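Data first, discussion second: the structure below is written as C-alpha cells.
The values are calculated or read from the model by the stated rules, or taken from the named source; none is laboratory data. The model shown is predicted, which means the values in this text are computed figures rather than measured ones. Positions of Cβ are backbone-derived with ideal geometry, glycine not excepted, and every protein chain shown enters the neighbour counts.
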Amino acid sequence: MIKKGRQLYEGKAKIVYEYKGDPNLVIQFFKDDATAFDGVKKGKIGNKGIINNSISTRLFRLLGEHGIATHFVDKISERDMLVKLVQIIPIEMIVRNIVAGSLSKRFGWDEGIVLKRPIVEVYYKSDPLHDPMLNDEHVMALELATEDELAYLRKTAREINEILCAFLEERDLVLVDMKLEFGKDAEGNILLADEISPDTCRYWDKKTGEKLDKDRFRRDLGKVEESYEEVYRRIFLESSR
C-alpha cells in the first residue's frame, strides 16, 4: 500500500506528496499534463505520466549502476516514484550535443549540427524570470551554489551525458540535449533529481532524425503519444546491436 500523505508541491508535470513511512522520503506523482513556452501552451499527452515514470526509473537505475548519486529510491506504482527528499538547487544544467531549440535561435545555427564537444549551459530556475541563462559570476552573485558545487554540477552533467549517449545509441536513439536538475538531501549531498524523460530530453531517431520527444507537442508535429511510446519501447530493449 502506498503511504501517501499531504501534498507538498505541484509543478507542471508532477505532484510531490509526503511519504508517511519516512520523513526523508517523498512520493513523486507523474501527471499527463503538458506545457510549453513558460506555460503559455497547455495540453495533455495520453499516458505521459506512466511512460515518463517508467523511463525515468530505468535511466535513474542505469546512472546509479555507474556511480551517479540520484534521488531515486523505487518505482511504487505506474505513476508514483519514491524519492529522497531534496532541496532543489535553483539551477538547470543543460547539456547539448547537437544544435536544436534555443541554441539554434540564439546563434542562427541550423538544427542538426553535431557539436565538436558537448556544451553545458547554466540557467536560473525561475518561472517569473523565464529561466535566464547564467554565467559562473551570476551563480556566485545570486548565491545559488558555491564555486566547488557548480564545478561538481558541470562535471556530473558531463558524466551523465556520456552514460546516456552510449546507452541510447545502442537503441538507435540520439540524445540531442537534456535538462538536469539537482538537489541536496538532509546530509547536504548533491543528488540528481527531477526526471529524465522525453519531457526533459530531446531524442531523435538515429537513422531518420525524426523527433521523438516533447518538441512534437511544442511544434504541433502530431504523433506525440506515439513518439513517447516509441522512446519507452526502445529504452526497454536490451540493445539493437
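Quick notes on this one:
- Residues in region 120-139 that are of a type in the set (Asp, Glu) and in contact with a strand residue (DSSP E or B) (Cβ under 8 Å, 6 or more places away or on another chain) were compared, and the one that is nearest to Met178 (Cα to Cα) is Glu121.
- Every residue from region 13-28 that is of a type in the set (S, T, N, Q) and not in a strand (DSSP E or B): Asn24
- Matching option when the condition is of a type in the set (Gly, Ala, Ser), assigned to a helix (DSSP H, G or I) and over 30 Å from Gln87 (Cβ atoms), among Ala166, Ala157: Ala166
- Within region 33-65, the set of residues being assigned to a loop (DSSP other than H, G, I, E, B) and surrounded by fewer than 14 Cβ atoms within 10 Å (Cβ to Cβ) comprises Phe37, Asp38, Gly39, Val40, Gly46.
- Some residue of region 171-194 being among the β-branched types (Val, Ile, Thr), over 15 Å from the mean Cα position of the chain (by Cα) and in a loop (DSSP other than H, G, I, E, B): no
Residue by residue, here is whether (1) among the charged types (D, E, K, R); (2) assigned by TED's automatic domain parsing to the domain that holds Phe72; (3) exposed (fewer than 14 other Cβ atoms within 10 Å of the Cβ) holds:
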{"position": "Arg117", "(1), (2), (3)": "yes, no, yes"}
{"position": "Tyr124", "(1), (2), (3)": "no, no, no"}
{"position": "Asp131", "(1), (2), (3)": "yes, no, no"}
{"position": "Asp136", "(1), (2), (3)": "yes, no, yes"}
{"position": "Glu143", "(1), (2), (3)": "yes, no, yes"}
{"position": "Glu147", "(1), (2), (3)": "yes, no, yes"}
{"position": "Glu170", "(1), (2), (3)": "yes, no, no"}
{"position": "Met178", "(1), (2), (3)": "no, no, no"}
{"position": "Ala193", "(1), (2), (3)": "no, no, no"}
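- Of all residues in region 195-232, those being in a strand (DSSP E or B) and buried (at least 17 other Cβ atoms within 10 Å of the Cβ) number 5.
- Residue match in region 121-138 (condition: touching a helix residue (DSSP H, G or I) at 6+ places or on another chain (Cβ under 6 Å) and closer than 18 Å to Ala193 by Cβ): no
- Of all residues in region 3-42, those satisfying the criterion of being closer than 13 Å to Asp194 by Cα and of a type in the set (Gly, Ala, Ser) are Gly11, Ala13.
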